[in-house]
Amino acid sequence: MTDIVRADDGRRIAVEQSGDPSGRPVFLLHGTPGSRMGPAPRGMLLYRLGIRLIAFDRPGYGGSDRLEGRDVAAAAVDVLTIAEALKLGTFALVGRSGGGPHALAAAALLPGRVTRVAALVSLAPQGAEGLDWYEGMTESNVVEYNAAASGVGVLETRLAPKAAAIRANPESLISGLYQELSPSDRQTVADLGIRRMLVDNFAEGLKHSAYGWIDDAMAFSKPWGFDPADIAVPTLLWHGALDGFSPVGHARWLADRIPDAKVIVQPGVAHFGALDILPDVLPWLVES
């Protein structure tokens with residue numbers, strides 16, 4: 001069931017919980033584009049692990065109101081708002097793809113509340129010193145982030161029609177990316193269960209507008225509003241070696257700057273491998 005939490009500025013934040021209601025809380029931050037309805041482990045596994053999984057729509061996606069001009073750091077405020085509404089003390093975080101930077105933001109900016117954080121196939125900050133940000137990146141993402149660099153109007157012209165096409169046929173996002181998918185990613189999205197979850201995820205996230213997607217891309221393309229070096233909790237960075245949407249150099253850059261970070265680069269897999277690895281990451285997140 002979806003709950004609506006109100007931010008201090010009056011915005012609605014759509015929140016979805018699953019798993020053990022009395023379990024250890026773990027926030028799952030969705031990809032770009034995406035929603036709280038994105039792929040997640042089955043409730044039975046969450047119960048067995050004693051995990052209360054909390055997902056929410058970032059501003060502009062699904063049931064959450066837009067926050068125009070937001071940066072990556074803004075996610076920390078929404079995480080804290082939800083935690084306070086649910087009367088949570090401490091909690092862990094995991095972000096997948098576009099959710100990775102937002103999970104890292106909450107870990108950096110909410111000391112004393114976050115216990116552990118995992119970022120799966122995450123981007124690093126654009127303009128990161130010593131990182132060729134575009135090296136190994138798929139053409140579609142290079143075009144998208146170049147559009148973001150040209151301004152929100154240019155990006156809106158590119159993404160609004162794509163979002164409208166996905167609303168009309170949510171499978172079109174997967175089929176549109178197919179030529180850029182590695183063999184391992186094609187195998188992952190060929191699974192009917194995962195494909196259905198992805199389709200539902202995109203349909204929910206973009207059902208009203210493209211603004212969640214637009215604002216994510218703009219946020220990734222400007223200063224994030226925090227320094228990853230300020231993350232003081234155990235951090236796990238997982239990446240598929242063949243990822244072209246978030247190239248593996250991004251994870252290695254983050255690992256070099258986060259004090260208590262462990263990086264795992266898995267050979268032979270790419271971006272959507274993060275869907276398969278999440279159940280293995282959850283037990284680490286709730287270790288004492």
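The values are calculated or read from the model by the stated rules, or taken from the named source; none is laboratory data. Quick caveat, the model's predicted, so the values are computed rather than measured. Using ideal geometry, Cβ is built from the backbone for each residue, glycine included, and neighbour counts are taken over all protein chains shown. Keep in mind that these areas ignore ligands, DNA and RNA; they rest on the heavy atoms of the full protein, side chains included. Shrake-Rupley method; radii C 1.70, N 1.55, O 1.52, S 1.80 Å.
Worth a mention:
The rows are residues; the columns are (1) open to solvent by 10 Å² or more (accessible area, probe 1.4 Å); (2) touching a strand residue (DSSP E or B) at 6+ places or on another chain (Cβ under 6 Å); (3) of a type in the set (A, V, I, L, M, F, W, C); (4) at pLDDT below 95.
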position: ARG12; (1), (2), (3), (4): yes, yes, no, no
position: GLN17; (1), (2), (3), (4): yes, yes, no, no
position: PRO41; (1), (2), (3), (4): yes, no, no, yes
position: LEU67; (1), (2), (3), (4): yes, no, yes, no
position: ASP71; (1), (2), (3), (4): yes, no, no, no
position: ALA74; (1), (2), (3), (4): yes, no, yes, no
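- Restricting THR115, THR157, THR188 to those that are hydroxyl-bearing (Ser, Thr, Tyr) and not in a helix (DSSP H, G or I) reduces the list to THR115.
- Residue within the range 125-137 that is part of a loop (DSSP other than H, G, I, E, B), aromatic (Phe, Trp, Tyr), at negative phi and open to solvent by 40 Å² or more (accessible area, probe 1.4 Å) present: yes
- Lone unmet requirement of (1) at negative phi; (2) open to solvent by 40 Å² or more (accessible area, probe 1.4 Å); (3) touching a residue at least 40 places away in the same chain (Cβ under 8 Å) for ILE231: (2)
- Residue within the range 96-115 that is crowded, with 20+ Cβ neighbours inside 10 Å, among the aliphatic types (A, V, I, L, M), in contact with a Ser or Thr (Cβ under 6 Å, 6 or more places away or on another chain) and closer than 25 Å to PRO247 by Cα present: no
- Some residue of the range 272-287 being out of contact with any strand residue (DSSP E or B) (no Cβ under 7 Å at 6 or more places or on another chain) and crowded, with 22+ Cβ neighbours inside 10 Å: yes
- Test result for ASP260, of a type outside the set (A, V, I, L, M), under 16 Å from the mean Cα position of the chain (by Cα) and surrounded by fewer than 20 Cβ atoms within 10 Å (Cβ to Cβ): no
- Applying the set (1) modelled with pLDDT of 90 or more; (2) open to solvent by 50 Å² or more (accessible area, probe 1.4 Å); (3) assigned to a helix (DSSP H, G or I) to GLN179 leaves exactly one unmet item: (1).
- Selection of first residues in the range 122-141 that are among the β-branched types (Val, Ile, Thr) and of second residues that are surrounded by 18 or more Cβ atoms within 10 Å (Cβ to Cβ), restricted to Cβ pairs under 8 Å at least 6 apart or on distinct chains, gives the following pairs, ordered by first then second residue: THR138/GLY244; THR138/PHE245.
- Residue that is open to solvent by less than 60 Å² (accessible area, probe 1.4 Å) and of a type in the set (A, V, I, L, M), where the choices are LEU206, LEU192: LEU206
- Residues that are touching a helix residue (DSSP H, G or I) at 6+ places or on another chain (Cβ under 6 Å), in contact (Cβ under 8 Å) with a residue 60 or more places away in the chain and in a helix (DSSP H, G or I) are absent from the range 86-99 altogether.
- Residues in the range 81-95 that are within 15 Å of PHE56 (Cβ to Cβ) and open to solvent by 10 Å² or more (accessible area, probe 1.4 Å): 5 in all.
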